[in-house]
């Protein structure tokens, strides 16, 4: 878990509630609680979601006026904020801050400068290629929680072992594409696909799982494209981007403060923001090729001496599928 724009996950939920986006806040909070897990908190969260749905249904059916619905939503908003405070106070895993990467002060020789040795300016074409690549990233839904995953050639999905640990779990899981908001902030139609459990391959130590996705003639997997492994290994200082489903919510991407800070054995460590639910996401280089499989964040081992860093971490692509 990490900070989002200088605030932690629970503060971002409070902001959503204040903006009137109770449904998004509760959905993300429910996914986070399921990853803990805590049955009592999950039950209370579901009750809040039911209350919101009840208000909407009664308003649609004309059983309550618009003014009454607004009053009910305001009351629910207060209850949800109190609930977020309770969950926040009980959380044993805390969001951790990432120290900003320093940049040298530009000299006085001009008004515009590239800060540091490398330009981080990106072309519009780069964003377009990123949007195309993001289509192949989906939300992985299992009986035990949610994660992220991505498609490779041959209808192969890659995610973490701790998301799908075995064929039995794969049989009860699915990957959902297109779980994202459009330009107007509206959720788009989900495209769910089953997995083929007999093809499941896992490596617990390196935390990867590879499994085939069952195609659907009604909406072929080819609609979502496929990603490619990078052929050039990353290096410290490289820019990396993670397309993910943080907290099991709609697809998001972190485009700032994304830098490789350490490489150790099979580990690629970086400052890119993630949350629970981001596990199994692809870590992209600047060419939108996958250099690693995201799997962890926190106080992680950074070298053979056991030194630890507060970072996020992925498994290098060259170690996946061995």
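The values are calculated or read from the model by the stated rules, or taken from the named source; none is laboratory data. Just so it is clear, the structure is predicted and the values come from calculations on it, not from any experiment. Reconstructed Cβ throughout: ideal geometry from the backbone, glycine too, with neighbour counts over all protein chains shown.
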Might you check whether a residue that is surrounded by fewer than 17 Cβ atoms within 10 Å (Cβ to Cβ), touching a residue at least 60 places away in the same chain (Cβ under 8 Å) and under 19 Å from residue 155 (Cα atoms) occurs anywhere in the stretch 215-222?
-> yes
Scope the stretch 21-47; condition surrounded by fewer than 16 Cβ atoms within 10 Å (Cβ to Cβ) and either out of contact with any helix residue (DSSP H, G or I) (no Cβ under 8 Å at 6 or more places or on another chain) or touching a residue at least 60 places away in the same chain (Cβ under 8 Å) (or both); matching residues = 21, 37, 39, 40, 43, 47
Within the stretch 166-198, which residues are part of a loop (DSSP other than H, G, I, E, B) and either outside the structural domain of residue 143 (by TED's automatic domain parsing) or under 26 Å from residue 296 (Cα atoms) (or both)?
-> 166, 172, 173, 178, 179, 180
Output the qualifying pairs, or none if there are none: Cβ atoms under 9 angstrom, residues six or more apart or on different chains, first residue in the stretch 62-80 and touching a residue at least 24 places away in the same chain (Cβ under 8 Å), second residue outside any helix (DSSP H, G or I) and surrounded by 11 or more Cβ atoms within 10 Å (Cβ to Cβ).
-> 73/20; 77/20
Could we say that residue 201 is in contact (Cβ under 8 Å) with a residue 24 or more places away in the chain and either touching a helix residue (DSSP H, G or I) at 6+ places or on another chain (Cβ under 6 Å) or not in a loop (DSSP other than H, G, I, E, B) (or both) here?
-> yes
Please state which one of 254, 218, 230, 296 is assigned by TED's automatic domain parsing to the domain that holds residue 147, over 22 Å from residue 128 (Cβ atoms) and touching a strand residue (DSSP E or B) at 6+ places or on another chain (Cβ under 9 Å).
-> 296
Name the pairs: first residue in the stretch 147-172 and over 20 Å from residue 227 (Cα atoms), second residue surrounded by fewer than 23 Cβ atoms within 10 Å (Cβ to Cβ) and at pLDDT 95 or above, Cβ to Cβ under 6 Å, at least 6 apart or on different chains?
-> 167/197; 167/200; 170/197; 170/200; 171/197
